[in-house]
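Participant: Below: one structure in structure tokens.
The values are calculated or read from the model by the stated rules, or taken from the named source; none is laboratory data. This is a predicted model, so every value here is computed, not measured. Cβ coordinates were reconstructed from backbone atoms using ideal geometry, including for glycine residues, and neighbour counts include every protein chain displayed.
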Amino acid sequence: MRIALLFLFCLFAVPAAAERRVAFLVGNSAYANAPPLDNPVRDVRLIAQTLEGLEFEVTQFADLNRDEIGRELAAFLGENSDADVTVFYYAGHGIQYEGRNYLVGVDAQLLTEFDIDGEALQLDKIVHMLERNSRAALVFVDACRDNPLANEFYSQNFSQSRALATRGLAPMRSAFEGSMITFSASPGQVAYDGTGQNSSFAAALARHLPTENLEVLSLMKRVIRDVKTETDDLQTPMVTNDLTAEIYLKLGEFGQGGTIALKQEEALFEAAQSLGSLRAWDVYLKTYPQGHFRDLADLERERLQAVEMGTESGSDVTALESGNSGQSVRIQVDSEVAASAERALGLTKDDNRAVQSALNGLGYKAGLVDGVMGSGTRRAIANYQLATGLPSTGVVTQATADGLGINIARVESSTVAVVSSRDARRYDVEQLALIESDPRLLKAAKAFADWELVYGYFEGRLYLGVLHWSEYKFWDAQEAARVAGGHLATMTTKAEADFVFDLVRHDERFWSIHDDGADGPTFGLYQKEGSREPFGGWAWVTGEALDYSLWSRGQPNNHEGLDHFGRYSTYPKNYQPGAPIELKNAWVDGKETHWRAFIVEIE
């Protein structure tokens with residue numbers, strides 16, 4: 001369904017809902033075991049004043065030790081997890097150790113290697129905390145000054161050559177998502193504390209952050225230019241960016257920045273429409289939580305989720321599939337499917353009680369407030385959804401919780417498997433690039449541009465189910481996977497195997513349904529030539545040993561002496577003709593030439 005943007009011209013005249021902006025600032029000057037620094041505390045005051053002028057809620061500190069920085073930052077993030085933009089600014093001493101950067105507390109001595117973790121905070125961990133608790137994080141680190149503590153540490157514990165190689169801070173090596181990190185100096189450079197009231201870096205930031213209608217990355221180019229000029233090219237700030245949205249810290253009343261920002265949001269919204277998946281709408285809603293098209297996006301996401309739950313439950317979802325927004329549409333959802341959807345949302349028993357209490361308060365009879373999602377509570381949820389224009393499933397969804405005023409603490413994204421959609425589709429790489437920034441996925445989508453894909457993430461790895469609609473040999477599929485940047489999938493744990501099976505089990509086109517069973521996709525398991533049949537020599541294409549397997553009963557069996565490659569297959573015991581085939585996560589050995597689908601894994 002394509003939703004026409006009928007309100008577009010009106011939206012240019014109507015400002016989006018106000019953003020919530022917060023900032024956490026630390027300036028460490030009074031070091032107990034090193035000469036005091038002149039400017040960090042003054043730099044923090046200057047940046048605080050600048051950010052307050054840009055409508056930030058500012059929390060600032062001076063002269064904290066390592067534990068105090070950690071405690072105060074954790075409390076700050078806990079109180080401000082709903083912020084749209086979060087700034088972290090640190091001025092003081094830093095040190096690099098084993099390729100990682102640390103911010104040094106004011107009481108640090110750093111006598112031995114064992115003191116690093118106890119007296120300094122790892123910057124990588126700070127950035128990951130900010131990303132977990134922020135929609136967009138701007139990190140500024142002015143910690144590259146000549147550091148007597150670091151100099152003494154390296155001269156006492158390492159060779160002189162290594163000590164000289166550790167001036168300043170190190171390049172950031174971790175993978176980040178949703179942040180921009182700016183160092184006051186490039187790796188290996190020493191930043192200057194400044195000859196005036198502030199460091200060159202802080203002064204340049206304060207000068208340029210309030211510039212009207214200039215996106216933040218463009219602002220940073222001006223900061224870099226000024227710092228280079230003022231230090232005679234001895235200091236060059238460095239920016240690492242992984243923001244997917246443009247950020248304007250100050251928009252003029254009729255500024256071009258507002259137009260650009262709205263056009264970018266419109267492009268992302270249209271890409272989500274084009275891709276038509278829960279994943280695409282989740283990305284839009286995360287990027288623009290108070291966006292101009294939020295209500296339309298919420299409805300479309302709810303519709304798609306209802307279609308998925310109804311299909312999984314064997315219900316008729318024709319009305320929703322035709323594009324009905326959900327009003328007056330009831331869908332029967334199986335209890336296990338409902339419970340699974342609510343677990344994925346992060347619903348707890350306390351949340352269930354809050355749902356029941358809110359429904360009872362609105363006149364929907366949810367029964368006892370006991371946290372148990374029984375039939376009475378499900379019926380009340382369904383009636384509430386029907387009255388508010390949502391697909392009536394009886395399942396607590398994000399839009400249902402929002403409507404009831406219940407804030408659900410979502411499970412951390414790093415612990416949740418992410419899946420693009422239930423069904424495979426052909427992706428326009430340009431549209432996909434507006435939704436997904438992972439270069440692994442974009443490379444693979446380009447390599448498989450003519451085929452249909454379903455993709456998902458599990459424990460940081462990318463998996464793709466590929467439908468190619470013709471016979472394909474095992475080693476040809478492995479070569480196609482290599483060109484796409486990976487290999488045929490290997491499954492070495494139950495959790496991984498369950499995820500991969502779930503990725504492809506919903507789309508029947510991945511399966512060849514027979515009278516008495518179903519054959520599924522190929523993956524990266526094969527039998528080495530000359531091995532003893534039927535169990536000898538089985539290995540993964542990556543060289544890993546086959547320590548975990550899901551062979552069907554009686555498999556492998558080397559049928560007709562030609563079965564040397566792993567694939568999915570389901571042949572139910574005591575099958576009755578005409579009965580539906582329930583797909584199982586089970587493997588068999590098969591022939592080299594397979595029919596139409598394989599699974600790719602990219603590390």
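Participant: Looking only at the stretch 223-253, how many residues end up being farther than 28 Å from Gln290 by Cβ and not aliphatic (A, V, I, L, M)?
Facilitator: 11
Participant: Looking at the stretch 45-58, which of the residues that are farther than 15 Å from Leu138 by Cβ and of a type outside the set (D, E, K, R) is modelled with the lowest pLDDT?
Facilitator: Going through the qualifying residues, I end up with Gly53.
Participant: What residue, of Ala91, Ala83, Ala74, Ala48, is surrounded by fewer than 23 Cβ atoms within 10 Å (Cβ to Cβ) and within 16 Å of Ala202 (Cα to Cα)?
Facilitator: Being surrounded by fewer than 23 Cβ atoms within 10 Å (Cβ to Cβ) and within 16 Å of Ala202 (Cα to Cα) holds for just one of Ala91, Ala83, Ala74, Ala48, which is Ala48.
Participant: In the set Ala4, Ala34, which member is at pLDDT below 85 and over 33 Å from the mean Cα position of the chain (by Cα)?
Facilitator: Ala34
Participant: Follow-up. Being modelled with pLDDT of 85 or more, part of a loop (DSSP other than H, G, I, E, B) and under 20 Å from Ala597 (Cα atoms), is that true of even one residue in the stretch 533-540?
Facilitator: No, the conditions are met nowhere in the stretch 533-540.
Participant: Scan the stretch 101-119 and tell me whether some residue there is modelled with pLDDT under 90, of a type in the set (Ser, Thr, Tyr) and either surrounded by fewer than 20 Cβ atoms within 10 Å (Cβ to Cβ) or in the same structural domain as Leu285 (by TED's automatic domain parsing) (or both).
Facilitator: Yes - at least one qualifying residue is present in the stretch 101-119.
Participant: Counting only residues that are touching a Lys or Arg at 6+ places or on another chain (Cβ under 9 Å) and charged (D, E, K, R), which one in the stretch 68-105 is farthest from Leu54 (Cα to Cα)?
Facilitator: Arg100
Participant: Right, something else. Got a number for residues in the stretch 272-301 being within 22 Å of Val454 (Cβ to Cβ) and not in a helix (DSSP H, G or I)?
Facilitator: 2
Participant: Thr522: part of a loop (DSSP other than H, G, I, E, B) and either within 26 Å of Val419 (Cβ to Cβ) or of a type in the set (S, T, N, Q) (or both), yes or no?
Facilitator: no
Participant: Go through the residues of the stretch 562-571 one by one and say whether even a single one is buried (at least 18 other Cβ atoms within 10 Å of the Cβ) and either among the hydrophobic types (A, V, I, L, M, F, W, C) or modelled with pLDDT of 90 or more (or both).
Facilitator: There is at least one residue in the stretch 562-571 that is buried (at least 18 other Cβ atoms within 10 Å of the Cβ) and either among the hydrophobic types (A, V, I, L, M, F, W, C) or modelled with pLDDT of 90 or more (or both).
Participant: Can you find even one residue in the stretch 449-472 that is under 20 Å from the mean Cα position of the chain (by Cα) and either assigned to a helix (DSSP H, G or I) or polar (S, T, N, Q) (or both)?
Facilitator: Checked against the condition, which is being under 20 Å from the mean Cα position of the chain (by Cα) and either assigned to a helix (DSSP H, G or I) or polar (S, T, N, Q) (or both), the stretch 449-472 yields no hits at all.
Participant: So, one more: Residues Ser184, Ser200, Ser179: which one is in contact with an Asp or Glu (Cβ under 6 Å, 6 or more places away or on another chain), at pLDDT 65 or above and more than 30 Å from Ala74 (Cβ to Cβ)?
Facilitator: Among Ser184, Ser200, Ser179, only Ser200 is in contact with an Asp or Glu (Cβ under 6 Å, 6 or more places away or on another chain), at pLDDT 65 or above and more than 30 Å from Ala74 (Cβ to Cβ).
Participant: Same structure again: Only one residue in Val317, Val333, Val329 is among the aliphatic types (A, V, I, L, M) and modelled with pLDDT of 85 or more, so which one is that?
Facilitator: The conditions single out Val333.
Participant: Check off (1) modelled with pLDDT under 90; (2) surrounded by 19 or more Cβ atoms within 10 Å (Cβ to Cβ) for Glu471 and give me the number that stays unchecked.
Facilitator: Result: Glu471 passes all but (2).
Participant: If a residue must be crowded, with 19+ Cβ neighbours inside 10 Å, of a type in the set (Val, Ile, Thr) and farther than 16 Å from Val454 by Cβ, how many such residues does the stretch 478-521 contain?
Facilitator: Residues in the stretch 478-521 being crowded, with 19+ Cβ neighbours inside 10 Å, of a type in the set (Val, Ile, Thr) and farther than 16 Å from Val454 by Cβ: 1 in total.
Participant: Looking only at the stretch 404-431, which residues are closer than 26 Å to Val504 by Cβ, modelled with pLDDT of 85 or more and among the β-branched types (Val, Ile, Thr)?
Facilitator: Answer for the stretch 404-431, where residues must be closer than 26 Å to Val504 by Cβ, modelled with pLDDT of 85 or more and among the β-branched types (Val, Ile, Thr): just Val429.
Participant: Then there is this: Where residues in the stretch 203-232 are at pLDDT 90 or above and not in a helix (DSSP H, G or I), which of them is nearest to Val141 (Cα to Cα)?
Facilitator: My answer is Leu209.
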